[in-house]
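Take a look at the structure below.
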Amino acid sequence: MQKDFFEDCRIGEKAVSPGRTITETDVVFFAAFTGDWLPIHTNAEYAKQTPFGERIAHGMLVLTVGSALLLRLGDAALPPKTTIAPYEVERVRFVAPAKIGDTIHTEAEIVKMTEVDAAHGLVAIRGEIKNQRAELLAVFTLKGLVGRRPASPAGSAGGESAS
């Protein structure tokens, strides 16, 4: 079902995003953009000596890509099309590393909905980012500020209510 407004969402609604492979280019661009050149991400020889045995993606890169994958769900997108902005990210936990070449996807569920005012609501989505082997990499809760369905004018033709 296409979700345009806060009212179109339901607590307990679930979705699974498409996958996206984390590339070496992603890691290098993220390091350049953020200034995070830690050797675990950018030095292959150093990374061989770590418990991971190879370079790993930045946790924040995985979180960024994983949360953005939810927007690629088309009409089933969580959150709805009237999402104005992220409001809060909470309870982020990095469980396992994403390695270069891993294909990640996000499994999401709407866990809370809060009316803010007549024009806005908050939709809280719990996400689990997993790799191609279904290994859990990260968990998070993202709250998005979402538009509400406009009230129909009083006395509109047919007396229909917005639903």
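Look at region 11-41 and say how many of its residues are modelled with pLDDT of 95 or more and among the basic types (Lys, Arg).
Of the residues in region 11-41, 1 are modelled with pLDDT of 95 or more and among the basic types (Lys, Arg).
Quick one: which helices (runs of 4 or more DSSP H) sit completely within region 18-57 and have at least 1 residues that are touching a helix residue (DSSP H, G or I) at 6+ places or on another chain (Cβ under 7 Å) and β-branched (Val, Ile, Thr)?
Result: 24-34, 39-42.
Kindly indicate the residue of region 137-153 that is within 30 Å of Ala96 (Cβ to Cβ) and of a type in the set (A, V, I, L, M) and also surrounded by the fewest Cβ atoms within 10 Å (Cβ to Cβ) among those meeting that condition.
Applying the filter and picking the extreme gives Val139.
Which pairs turn up if I take residues in region 118-135 that are touching a residue at least 60 places away in the same chain (Cβ under 8 Å) and look for partners that are of a type outside the set (Lys, Arg) and surrounded by fewer than 14 Cβ atoms within 10 Å (Cβ to Cβ) with beta carbon separation below 6 Å, at least 6 apart in sequence or on another chain?
Gly121/Glu115
The values are calculated or read from the model by the stated rules, or taken from the named source; none is laboratory data. Here the structure is a predicted model, which means the values were calculated and not measured. So basically every Cβ, Gly included, is an ideal-geometry build from the backbone, and we count neighbours across all protein chains shown.
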